[in-house]
Amino acid sequence: MDIQVNDILTMKKAHPCGSNKWTVTRTGADFKLRCCGCGHEVMGARSKFERNIKAVERNGNKI
């Protein structure tokens, strides 16, 4: 999957704050994501996050 820094990921499940959109701040073998709702940052394995992605937005356009 082609995920780049500053892409906005729409995930299958919502964060406890209610938002299901995350901004990618780091890529590689793992992702660092920032919640678009509350600003909480999480870091985890790329394979784990890729399973939960519903849609990807880059520059306002869905990919």
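Summary of values
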item: With all protein chains modelled, accessible area of residue 62 [1.4 Å, Å²]; result: 150
item: Among 51, 26, 34: highest mean-square fluctuation, GNM of the chain, C-alpha pairs under 10 Å; result: 51
item: Extension gain from residue 40 to residue 58, taking 0.36 nm per residue of separation minus the Cα-Cα distance; result: 4.4 nm
item: Dipole in debye (nearest 20) - the chain, about Cα centre, beta carbon charges: Lys, Arg +1; Asp, Glu -1; result: 180
item: Heavy atoms of residue 50: accessible area, 1.4 Å probe, square angstrom to 10; result: 50
item: Two-site label geometry, residue 19 and residue 51: point separation in nm, points 7 Å out along Cα→Cβ; result: 2.5
item: For region 1-49: Kirkwood Rh in Å [reciprocal of mean 1/r, alpha carbons]; result: 10.7
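The values are calculated or read from the model by the stated rules, or taken from the named source; none is laboratory data. Bear in mind the structure is a predicted one, so any value in this text is a computation, not a measurement. Heads up, the Cβs are rebuilt from the backbone with ideal geometry, glycines too, and the neighbour counts pull from every protein chain shown. To get the accessible areas, we keep the full protein, side chains included, count just its heavy atoms, and leave off ligands, DNA and RNA. Shrake-Rupley method; radii C 1.70, N 1.55, O 1.52, S 1.80 Å.
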